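Asks: This is the structure I have questions about; it appears just below.
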Amino acid sequence: MQPPPATPGDPLDQVDTPALLVDLDAFERNLDRMTAETTARGLRLRPHAKTHKSADVAKAQIARGAVGLCCQKVSEAEALADGGVTDLLVSNQVAGSRKLERLAQLARRVRLGVCVDDAGNAAKIAQAAAAVGAEIDVLIEIDVGAGRCGLRDPEAVVPLAQQIAAAPSLRFAGLQAYNGTAQHLRTLEQRRAAISVAAETVRRATNALSAAGLSCDTVGGAGTGTYALEMAEGLWTELQPGSYCFMDADYAANGTPPSYEQSLTVLTTIMSAPEPGFAVCDAGHKACAIDSGLPRLASHPSVALIGASDEHGNIALPSGLAVSVGDRLHLIPGHIDPTVNLHDWYVCHRGGTVEAVWPVTARGAIF
């Protein structure tokens, strides 16, 4: 881990670049808004830590009403547990003996859940947990439209749930029903149609469980782009949005005005301005993920960088914006999750002053 690019008390113009900046006022408003919306419906909020990979962000979310956090990898969950988070769901499949051993050991330290869609995998999780005297909550993942993990036949949840419920080291906790692809459909009508299909799949699965006499305490899922639609369906009990705390340019491109503020930016310095209307900043591929497009200028959100390499970002300056070498600009990443994973630190500011510096606790935790 590199030394932090700033210390508390520094003015923003002394932050070294490129750096992840968090506007604490906007960040806290985002957290409060999501908590208010979910609790008003009587739903549990379990934000997804794959967005921020930070124990500090996780604890802020819990302090504002979240019941716990989702993680996507065992190592991510381990890092958050080391940082003091005590209620975690690995909202993904976990395979391989070493990972399952670590999963079981982690379940002795925190309340832990995991997702399955395979009877053999469930049996191995039960065996690993029993070997260390742990108990693990298990959600059965069903495919509600993303076309990746999850049972394709919603009625097939019954035999798998019965197997899980019969294992002394496991507890059948419910269903995982998340459609990641729906989050970035550009129009509200497209997203509503996708979640309507997902809801019918959930309904078939929960009806099958009920007919078999199996309780389903949790139906988890929903992301920043669709959570309001899942709430309206009345089937989901635990929502798992991630990006809402920070936001990014890809969510801003959805067909409705963003409900949440852009609280995270990448601060960059102009290091070359060789001709009028063109400048080069010090944030390239290694500072901003580009899978959802090049970053945009926070001061001119319709303007994206025109090119990037490892350590350079090329900017065609919009009309009215003139810069000199040493000037600072704020960039909005296209996709926040992989951007965060490129950095060691968050520089958290309020009123133009650095208030805190938080480590990206689970940076590189992909196993």
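The values are calculated or read from the model by the stated rules, or taken from the named source; none is laboratory data. Fair warning: this is a prediction, and the values are worked out from it, not measured in the lab. So basically every Cβ, Gly included, is an ideal-geometry build from the backbone, and we count neighbours across all protein chains shown.
Asks: Exactly one condition in (1) at pLDDT below 95; (2) part of a strand (DSSP E or B) is false for GLY364; which is it?
Replies: Looking at each condition in turn, GLY364 falls short on (2).
Asks: Would you check if there is a residue in the range 270-291 being among the polar types (S, T, N, Q) and within 25 Å of the chain's Cα centre (by Cα)?
Replies: no
Asks: Tell me, which helices (runs of 4 or more DSSP H) wholly within the range 6-116 include 1 or more residues that are closer than 23 Å to ARG350 by Cα?
Replies: 24-40, 55-63
Asks: Continuing with this model, one more query. Condition (residue is surrounded by 18 or more Cβ atoms within 10 Å (Cβ to Cβ), β-branched (Val, Ile, Thr) and touching a residue at least 60 places away in the same chain (Cβ under 8 Å)) applied to the range 196-216: is it met by at least one residue?
Replies: Yes, there is a match, as at least one residue in the range 196-216 is surrounded by 18 or more Cβ atoms within 10 Å (Cβ to Cβ), β-branched (Val, Ile, Thr) and touching a residue at least 60 places away in the same chain (Cβ under 8 Å).
Asks: Can you run down the residue pairs with Cβ atoms below 6 Å, 6 or more apart or on separate chains, where the first is in the range 80-99 and under 14 Å from PRO47 (Cα atoms) and of a type in the set (Asp, Glu) and the partner is modelled with pLDDT of 95 or more and crowded, with 21+ Cβ neighbours inside 10 Å?
Replies: Hits for this filter: ASP87/GLY68.
So that you can scan it fast, the table gives a plain yes or no per residue for (1) at pLDDT 95 or above; (2) surrounded by fewer than 24 Cβ atoms within 10 Å (Cβ to Cβ); (3) closer than 29 Å to LEU331 by Cβ:
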residue	(1), (2), (3)
ASP16	yes, yes, yes
ARG44	yes, yes, no
HIS52	yes, no, yes
ARG64	yes, yes, yes
GLU78	yes, yes, no
LEU89	yes, no, no
GLU101	yes, yes, no
ARG108	yes, yes, no
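Asks: Restricting to the range 170-189, what's the tally of residues that are crowded, with 19+ Cβ neighbours inside 10 Å and either closer than 15 Å to GLN240 by Cα or free of Cβ contacts under 8 Å to residues at least 60 places away in the same chain (or both)?
Replies: 10
Asks: Ok, one more. Quick check on my filter: what residues within the range 331-356 are more than 20 Å from ASP248 (Cα to Cα), surrounded by fewer than 21 Cβ atoms within 10 Å (Cβ to Cβ) and of a type outside the set (D, E, K, R)?
Replies: GLY351, GLY352, THR353, ALA356, listed by residue number.
Yes/no matrix, rows are residues, columns are (1) among the hydrophobic types (A, V, I, L, M, F, W, C); (2) touching an Asp or Glu at 6+ places or on another chain (Cβ under 7 Å); (3) closer than 20 Å to ALA130 by Cα:
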{"site": "ALA60", "(1), (2), (3)": "yes, no, no"}
{"site": "ARG64", "(1), (2), (3)": "no, yes, no"}
{"site": "VAL67", "(1), (2), (3)": "yes, yes, no"}
{"site": "VAL74", "(1), (2), (3)": "yes, no, yes"}
{"site": "SER91", "(1), (2), (3)": "no, no, no"}
{"site": "SER97", "(1), (2), (3)": "no, no, yes"}
{"site": "LEU103", "(1), (2), (3)": "yes, no, yes"}
{"site": "VAL110", "(1), (2), (3)": "yes, yes, yes"}
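Asks: Where the second residue is of a type in the set (Lys, Arg) and part of a loop (DSSP other than H, G, I, E, B) and the first is within 22 Å of THR201 (Cβ to Cβ) and in contact (Cβ under 8 Å) with a residue 24 or more places away in the chain and lies in the range 129-151, which pairs have Cβ atoms under 8 Å and are six or more apart or on separate chains?
Replies: Here the result reads ASP143/ARG152, each pair linking the range 129-151 to a residue that is of a type in the set (Lys, Arg) and part of a loop (DSSP other than H, G, I, E, B).
Asks: Suppose we filter ALA166, ALA156, ALA128 for residues that are surrounded by 21 or more Cβ atoms within 10 Å (Cβ to Cβ) and more than 27 Å from the chain's Cα centre (by Cα); which single one remains?
Replies: Unique residue meeting the criteria: ALA128.
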